[in-house]
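The values are calculated or read from the model by the stated rules, or taken from the named source; none is laboratory data. Every value quoted in this text rests on a predicted model; they were computed, and no experiment measured them. Ideal geometry is used to build each Cβ from the backbone, glycine not excepted, and the neighbour counts take in all protein chains shown.
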């Protein structure tokens with residue numbers, strides 16, 4: 001499967017182009033199925049590469065543009081790693097290595113096209129496929145970013161609902177010897193709409209030891225456990241988890257929070273969320 005997917009991705013690169021290194025994404029979108037996981041992954045790679053190259057050419061000229069481009073490139077890289085890992089059933093580490101190498105290679109081609117266009121026209125974007133490329137990638141980023149905000153997607157939740165009668169609940173034992181977990185949002189027992197704001201503070205344990213944030217594990221509970229730790233890591237700052245636009249389907253959800261203090265004392269707490277509607 002891995003070889004097949006890589007072959008498919010290679011086919012998207014042009015072989016004979018006289019004025020540019022890459023075929024415009026507009027042509028690829030017209031000629032391929034957007035629901036195809038391999039093509040969706042390719043779009044993530046192309047747009048992450050585009051934003052990485054934009055970051056590099058503007059790094060010394062405009063901090064605002066370069067910082068924004070770097071943020072988009074990094075977020076798309078995370079999405080790509082997750083997608084490749086699922087498609088090929090490989091470790092996140094291996095997927096990250098492949099994605100990083102691919103994005104670096106494509107971004108170099110974009111940079112050459114940017115610089116060539118600047119030489120010919122005095123502009124990085126005008127009179128080039130790169131202008132439309134920017135619009136396409138910004139739109140795709142918004143769509144992919146929205147998708148990445150789902151803690152559990154509606155499709156995944158429906159699969160859980162369909163199968164839960166055939167499986168026993170995953171066991172859970174509460175432990176409270178470690179850091180104190182304060183759930184600021186959502187309020188306990190509240191009925192809420194999605195997207196929702198999740199804000200949690202991990203305080204020192206009763207023994208005075210600080211929370212070891214590297215030990216934090218966040219797990220979605222159903223008849224199986226889904227590890228959410230990597231998804232939420234980007235929303236961590238010091239001892240605070242602040243996830244302002246988390247999305248969950250309508251229904252009841254249980255999310256386990258596990259953390260240790262610096263001496264290994266454990267706290268394990270279940271957060272229950274009832275979503276009554278999606279906005």
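Between 85, 53, 66, 60, the distinction of being surrounded by fewer than 23 Cβ atoms within 10 Å (Cβ to Cβ), over 13 Å from the mean Cα position of the chain (by Cα) and either part of a helix (DSSP H, G or I) or modelled with pLDDT of 90 or more (or both) belongs to 66 only. Counting only strands (runs of 3 or more DSSP E) that fall entirely inside the stretch 213-275 and contain at least 2 residues that are modelled with pLDDT of 95 or more and in contact with a strand residue (DSSP E or B) (Cβ under 8 Å, 6 or more places away or on another chain), the qualifying elements are 240-246, 251-261.
Looking at the stretch 113-144, which of its residues are surrounded by 13 or more Cβ atoms within 10 Å (Cβ to Cβ), out of contact with any helix residue (DSSP H, G or I) (no Cβ under 9 Å at 6 or more places or on another chain) and more than 30 Å from residue 245 (Cβ to Cβ)? The answer is 116, and nothing else. Scanning the stretch 218-231 for residues that are more than 22 Å from residue 158 (Cα to Cα) and either surrounded by 15 or more Cβ atoms within 10 Å (Cβ to Cβ) or not assigned by TED's automatic domain parsing to the domain that holds residue 180 (or both) yields a total of 0. Can you confirm whether the stretch 101-122 contains a residue that is assigned to a helix (DSSP H, G or I), free of Cβ contacts under 8 Å to residues at least 24 places away in the same chain and within 21 Å of residue 36 (Cα to Cα)? Scanning the stretch 101-122, I find no residue that is assigned to a helix (DSSP H, G or I), free of Cβ contacts under 8 Å to residues at least 24 places away in the same chain and within 21 Å of residue 36 (Cα to Cα), so the answer is no.
Here residue 76 does not fit the description of being surrounded by 16 or more Cβ atoms within 10 Å (Cβ to Cβ), out of contact with any helix residue (DSSP H, G or I) (no Cβ under 6 Å at 6 or more places or on another chain) and either in a helix (DSSP H, G or I) or in the same structural domain as residue 232 (by TED's automatic domain parsing) (or both). In the stretch 27-38, the residues that are under 20 Å from residue 84 (Cα atoms) form Cβ pairs under 9 Å with partners that are surrounded by fewer than 14 Cβ atoms within 10 Å (Cβ to Cβ) and modelled with pLDDT under 75, at six or more places apart or across chains, as follows: 38/4.
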